[in-house]
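The block underneath contains the structure these notes are about, expressed in structure tokens.
The values are calculated or read from the model by the stated rules, or taken from the named source; none is laboratory data. Here the structure is a predicted model, which is why all the values come from computation and not from measurement. Cβ coordinates were reconstructed from backbone atoms using ideal geometry, including for glycine residues, and neighbour counts include every protein chain displayed.
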């Protein structure tokens with residue numbers, strides 16, 4: 001079995017300091033009003049993420065464009081700088097040199113606090129790397145000193161927690177599925193999230209799931225030799241008035257079951273638990289930040305495999321609480337496990353608000369592409385909170401309609417509901433999940449598109465993106 005990188009992946013260290021000694025220096029460049037003026041012999045346009053590497057030995061090593069100063073531009077500038085620094089340090093080390101592994105960059109005196117946070121996010125996440133290899137790690141940047149006002153230290157510290165949440169979610173999604181079965185995911189949640197004061201993690205095994213009647217989780221996990229788990233995380237600070245429940249899909253690998261997927265792209269199904277990863281990582285950050293809001297989380301974890309014990313199209317499954325589902329497509333497994341968790345959360349945890357997160361439908365990827373996630377909600381205030389949270393942390397959401405004209409599509413003939421009716425796939429999947437929310441204010445986040453990336457952009461690198469983790473943290477903060 002291969003050795004995977006340590007989880008969570010260590011990120012570059014940020015310091016608020018104007019000390020440039022024993023450091024490689026970067027200088028920020030905004031677009032000029034007119035034609036670019038040569039600086040250090042380079043015509044830098046100041047475009048966001050544009051990096052010019054200057055000759056070695058000078059006072060400044062890089063010129064980095066900050067663009068128009070938007071949040072996206074600042075994140076892109078930070079990511080571009082740390083990538084350039086990592087490439088330079090690795091190349092110099094390969095050539096036998098011993099370059100400094102600290103980068104110093106001074107921000108403008110009038111830079112807003114929000115821009116500092118965005119720049120810090122880019123610096124922390126742009127150099128993220130998760131590779132299973134026998135080769136030694138390439139040397140890269142260890143520390144970045146930000147020359148900015150001392151009062152921005154709190155902003156940088158918060159950005160570091162948000163970045164850590166995103167990186168941890170990426171780690172969980174990127175871990176290959178011969179390592180990452182439901183037990184591994186649960187054990188990692190206990191080890192990493194459970195180490196944060198105030199955050200409790202409880203793992204329920206297949207015997208408990210059987211006793212409690214989690215028919216959806218047991219059906220989906222029944223085809224695998226690795227039994228399912230339910231991961232429950234609880235954060236309950238004193239004085240909290242609102243109780244938020246997060247539910248994340250934790251399918252650690254998805255073959256499609258007997259409705260088997262095409263071979264092309266199946267290797268990417270190691271990231272089919274990205275919703276669960278975002279929830280676990282967000283819970284760790286919520287507790288680490290000490291937010292004054294009660295938050296519970298449920299991650300139903302299972303492998304959807306092909307075997308003689310796999311569940312079948314045409315089966316009828318009884319979920320926690322008694323609702324029955326007629327199975328029509330075993331590749332629509334995410335909603336099966338989420339239904340159990342939602343019903344359990346409503347009945348046993350009694351939240352005020354529910355948000356679920358899942359890589360649920362290919363239809364959403366077709367509708368919105370790979371950089372925007374779908375948002376369904378029964379409550380306008382909740383939808384607006386999620387949209388604002390996403391704007392604050394650089395994650396794009398688009399509200400989709402919960403069309404009651406299709407509500408009858410999920411009504412069953414042989415059972416109470418049908419798992420995968422025809423019609424608009426993203427909408428009917430959301431309507432199916434709504435059946436298990438007990439009429440509470442609820443939002444469903446379908447992250448099938450932006451949960452994975454095949455190329456770098458802004459602070460994103462190829463692989464699992466950690467999408468939604470930061471939004472969930474900011475959403476929780478809005479209730480604090």
Any residue at all in segment 312-335 that is within 30 Å of residue 195 (Cβ to Cβ) and not in a loop (DSSP other than H, G, I, E, B)?
-> yes
Give the residue that is modelled with the lowest pLDDT, with candidates limited to residues of segment 32-47 that are closer than 18 Å to residue 106 by Cβ and part of a loop (DSSP other than H, G, I, E, B).
-> 40
From the option list 107, 185, single residue qualifying as touching a helix residue (DSSP H, G or I) at 6+ places or on another chain (Cβ under 8 Å) and buried (at least 22 other Cβ atoms within 10 Å of the Cβ) is 185
Members of segment 375-408 that are surrounded by fewer than 19 Cβ atoms within 10 Å (Cβ to Cβ) and outside any helix (DSSP H, G or I) = 378, 379, 396, 398, 399, 401, 402, 403
Is there any pair linking a residue in segment 21-35 that is farther than 18 Å from residue 140 by Cα to one that is part of a loop (DSSP other than H, G, I, E, B), with Cβ under 6 Å and at least six apart or on different chains, and which?
-> 27/60; 28/66; 29/44; 29/46; 30/46; 30/66; 31/46
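Do we have residue 325 as modelled with pLDDT of 95 or more and farther than 19 Å from residue 445 by Cα here?
Judged against the criteria, residue 325 is a match.
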Of the listed residues (154, 173, 165), the one being surrounded by fewer than 23 Cβ atoms within 10 Å (Cβ to Cβ) and not assigned by TED's automatic domain parsing to the domain that holds residue 274 is 154
Only one of 215, 257, 222, 250 is modelled with pLDDT of 95 or more, crowded, with 18+ Cβ neighbours inside 10 Å, in the same structural domain as residue 334 (by TED's automatic domain parsing) and on the phi > 0 side of the Ramachandran plot, namely 257
Among the residues of segment 90-109, write down those that are closer than 16 Å to residue 17 by Cβ and touching a residue at least 60 places away in the same chain (Cβ under 8 Å).
-> 100, 102, 103, 104, 105, 106, 107
On the given criteria, is residue 348 closer than 20 Å to residue 236 by Cβ, in a helix (DSSP H, G or I) and assigned by TED's automatic domain parsing to the domain that holds residue 255?
-> yes
Assuming residue 288 fulfils every condition listed in (1) within 30 Å of residue 477 (Cα to Cα); (2) in a strand (DSSP E or B) apart from one, which condition is it?
-> (2)
Have a look at 480, 448, 476 and point out the one that is more than 23 Å from residue 335 (Cβ to Cβ) and either part of a loop (DSSP other than H, G, I, E, B) or modelled with pLDDT under 95 (or both).
-> 480
Is it fair to say residue 266 is modelled with pLDDT of 95 or more and either closer than 19 Å to residue 466 by Cα or in the same structural domain as residue 452 (by TED's automatic domain parsing) (or both)?
-> no
Residue identified as modelled with pLDDT of 95 or more, crowded, with 22+ Cβ neighbours inside 10 Å, in the same structural domain as residue 254 (by TED's automatic domain parsing) and over 19 Å from residue 442 (Cβ atoms) among 272, 340 | 272
Evaluate the following for residue 466: is it assigned to a loop (DSSP other than H, G, I, E, B) and over 20 Å from residue 368 (Cβ atoms)?
-> no
Here the residues within segment 50-80 that are surrounded by 24 or more Cβ atoms within 10 Å (Cβ to Cβ) and in contact (Cβ under 8 Å) with a residue 60 or more places away in the chain are 75, 76, 78, 79
Sole exception among (1) in contact (Cβ under 8 Å) with a residue 60 or more places away in the chain; (2) closer than 22 Å to residue 452 by Cβ for residue 414, by number | (2)
Across segment 13-33, what is the total count of residues that are touching a helix residue (DSSP H, G or I) at 6+ places or on another chain (Cβ under 6 Å) and under 30 Å from residue 185 (Cβ atoms)?
-> 1
